[in-house]
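Everything on this sheet refers to the single structure shown next.
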Amino acid sequence: MGKRIKKEYIVHNVEVAFQILFFLSKHSKSTFEEIQKGINISTYQLQKIINILLNRGYIDFNKEEKVYSLGIKNFEVGYSYLSNVEIRKLAKPYLQYLGETIKENVYLAVRSGWEIVYIDAYEVDRPVIVKSRVGRLLPMYASASGKVHLAYMEQHELEEFFNNIKLLPYTDKTITDKEKLLEHVKLVRQQGFAIDDEEWEKEVRCLSVPVFDYKKEVAAAITLSGPSFRITNDNLMNIKNLFIEKSKELSERLGYTEEWEVIL
């Protein structure tokens, strides 16, 4: 009974937090009293949730005027959404070209917390194909697209990743040793591409390359995925340059200008 009450309390607080944000989106520069009147909750509960939102950057407080408004974090969330919409539109012809040329499924993957989500794809019609991954969440450390994202993380973010994630084996090829994974992603950064050699699913092999934005950060990954009997390691080495070339073109359309330092 105690756990259920606690869960309901947490859900209620989340609901209240959203109410505060929606209220400020319509009534910018509101006082504490105006917010409280607008959503009708106790002073103690409102202050507690406002403090959390303030600390997280979702709302700001003007000490001189004693009013609250939406914080910069909301812009970041909205921009992230719009970026994903825009990158899907820009990436579509590249996914199609690569899929038609290689005759295998090609995906566009972005980061979602400490996982990867596939937001678009060009999928081929062949007798044996990999099941569609659009909308699916994959572990960063066991997927080619995830390892691309890991390879370009700052050191402090990598440390945060290892503090939050337990390296579980999905197959007997999954890298579950921290030091080995660090060496692996270091190599990924040096060579400019990553391979998932049946590390997440048996009999499935993947190749992934980074797509950079104008901030010189990894905005997404373009990933080839197919059955390992067709996608041999030799095949991957033969087609990796084409994927690097197309991801570079897409990166430039996103405003990325710095010369790529990759081993071709």
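Read-outs: derived from the displayed coordinates by stated rules, not from any lab. Computed from a prediction, not measured in an experiment: that's the story for all the values here. With ideal geometry, Cβ positions are generated from the backbone for all residues, glycine too; neighbour counts draw on all protein chains shown.
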Among MET237, MET140, which comes first, then next, by fewest other beta-carbon atoms within 10 Å? MET237, MET140
Calculated FRET efficiency, THR232 and ASP60, Cβ-Cβ r, R0 41 Å, to nearest 0.05? 0.15
For the chain, set up a Gaussian network in which alpha carbons nearer than 10 Å are linked by springs, and say which option among GLU104, GLU203, GLU154 fluctuates the most. GLU154
Taking a ≥ b ≥ c as the square roots of the Cα gyration tensor eigenvalues, with a/c under 1.5 meaning rounded and otherwise prolate when a/b beats b/c or oblate if not, the stretch 136-221 comes out oblate
Positive-end extreme of charge dipole, the stretch 76-253 - chosen from SER143, LEU236, MET153 (charges on Cβ): LEU236
Relative exposure of HIS27, HIS149, judged by other C-beta atoms within 10 Å (fewest first): HIS27, HIS149
If the cut-off is 24 Å between C-alpha atoms, which lysines fall inside it for LYS29, apart from same-chain ones fewer than 8 positions away? LYS37, LYS48, LYS63, LYS66, LYS73
Quick check on the exposure proxy: order GLU159, GLU115, GLU199 from fewest to most C-beta atoms within 10 angstrom. GLU159, GLU115, GLU199
Span per principal axis, largest first, for the Cα atoms of the chain (Å): 67, 46, 36
Build a GNM of the chain with springs between Cα atoms under 10 Å: which of TYR44, TYR107, TYR170 gets the top mean-square fluctuation? TYR44
When the chain is treated as a GNM, springs tying every alpha-carbon pair under 10 Å, which of VAL185, VAL209, VAL67 comes out with the largest mean-square fluctuation? VAL67
